[in-house]
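The values are calculated or read from the model by the stated rules, or taken from the named source; none is laboratory data. The model shown is predicted, which means the values in this text are computed figures rather than measured ones. A quick note on method: Cβ atoms are made from the backbone with ideal geometry, for glycine too, and the neighbour counts reach across all protein chains shown. Areas reflect the complete protein model, heavy atoms only, side chains present, ligands, DNA and RNA absent. Shrake-Rupley method; radii C 1.70, N 1.55, O 1.52, S 1.80 Å.
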Amino acid sequence: EHDLRAALPLGQFELHYQPQLDLVRNRLTGFEALLRWRHPARGLVPPDAFIPLAEEIGLISSIGEWVLRAACQEAARWPRGLCVAVNVAAPQFETGRLVGAVEGALAAAGLSGCRLELELTETALLRCGDATLDQLRALKGLGAQVSLDDFGTGYSSLTQLRSFPFDRVKIDRSFADDAAVVRAVAALGASLGMRTTAEGVETPDQLRRLREDGCTDAQGYLLGRPVPAAELPGVIGRLGAGTAAALAEGVA
Ligand code: C2E
Ligand code: MG
Ligand code: MG
């Protein structure tokens, strides 16, 4: 806790970026920004190891604001067709500062709102109810896309999915091999006008089946692991049309 409080002022946070692929058009659509903490003694600490504590001790909003600014700055350097997805934690909806922070981050980076996607989990929706929905509407008013992350791992999923016009639902990676669940969620997404992203795609065989089962997008180690921003030009090159198509066909 002591170290975590100092991490932001000491500049110890960094973002890694994982590619997201459109399986319908076989192309790279952008990257998800994933937070890491470069601790002087512990090395690179993954988010699951410190975000719950950051939420508990009230640091997540300031960390989240840093993430928004850094991710928008980075995305402004990418080719125009590519978007950035940023994870937003439940407490960020409770401060009343989220919409202003998003607006500020977009303006500072000179990034168009439509190139930003915000990922939230069911927990965030459940915890804050109507206040969250109002903020989501305001975020969409800025042009941002909103997606429901880790779908299937929380509670009352179907109610949540219906309660707000999400642009995308991301099926948690624990369902990557469950054809019945994937098919049902993809069909539901399609009928509600949402894209469906399969998370945690690790093998060509999984990718082929997820595609057959109706997922419109995919993300996972097969397509690319999260990498530091410096490596993105290489990834963007590698996932150019040819490779993306080969991967989407599951033959790579
Ligand atoms: P998430 O948003 O569901 O992010 C996807 C996680 O799955 C990432 O873990 C990613 O590295 C991992 N992953 C991607 N493809 C594969 C795969 O093929 N196989 C396996 N086994 N794993 C895969 P990561 O980076 O450790 O992030 C974990 C979680 O931490 C994220 O889950 C998200 O909920 C949270 N998180 C990350 N960055 C932020 C942030 O800036 N703010 C907030 N509030 N939460 C964040
Ligand atoms: Mg996410
Ligand atoms: Mg997820």
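Being in a helix (DSSP H, G or I), modelled with pLDDT under 95 and open to solvent by 30 Å² or more (accessible area, probe 1.4 Å) is not true of Leu136.
For segment 24-72, the candidate set comprises residues that are within 11 Å of ligand 1 (Cβ to nearest atom) and charged (D, E, K, R); within that set, the residue that is surrounded by the most Cβ atoms within 10 Å (Cβ to Cβ) is Glu32. From the list Glu122, Glu117, Glu103, the lone residue that is open to solvent by 50 Å² or more (accessible area, probe 1.4 Å) and of a type in the set (D, E, K, R) is Glu103. Show the residue pairs that are 6+ apart or on different chains and have beta-carbon atoms under 9 Å apart, the first residue being within segment 53-64 and free of Cβ contacts under 8 Å to residues at least 12 places away in the same chain, the second being among the acidic types (Asp, Glu) and surrounded by fewer than 19 Cβ atoms within 10 Å (Cβ to Cβ). Qualifying pairs under 9 Å: Glu56/Glu1.
In the set (1) without any contact (Cβ under 8 Å) to a residue 12 or more places away in the chain; (2) within 16 Å of ligand 2 (Cβ to nearest atom), the condition left unmet by Cys83 is number (1).
Taking Arg5 as the residue in question, decide whether it is away from ligand 1 (no atom under 13 Å from the Cβ) and at pLDDT 95 or above. Against the criterion (away from ligand 1 (no atom under 13 Å from the Cβ) and at pLDDT 95 or above), Arg5 qualifies.
Pairs meeting the criteria (first residue in segment 96-123 and over 22 Å from Pro19 (Cβ atoms) and free of Cβ contacts under 8 Å to residues at least 40 places away in the same chain, second residue basic (Lys, Arg) and not in a strand (DSSP E or B), beta carbons under 7 Å, at least 6 apart or on different chains) are Ala108/Arg69.
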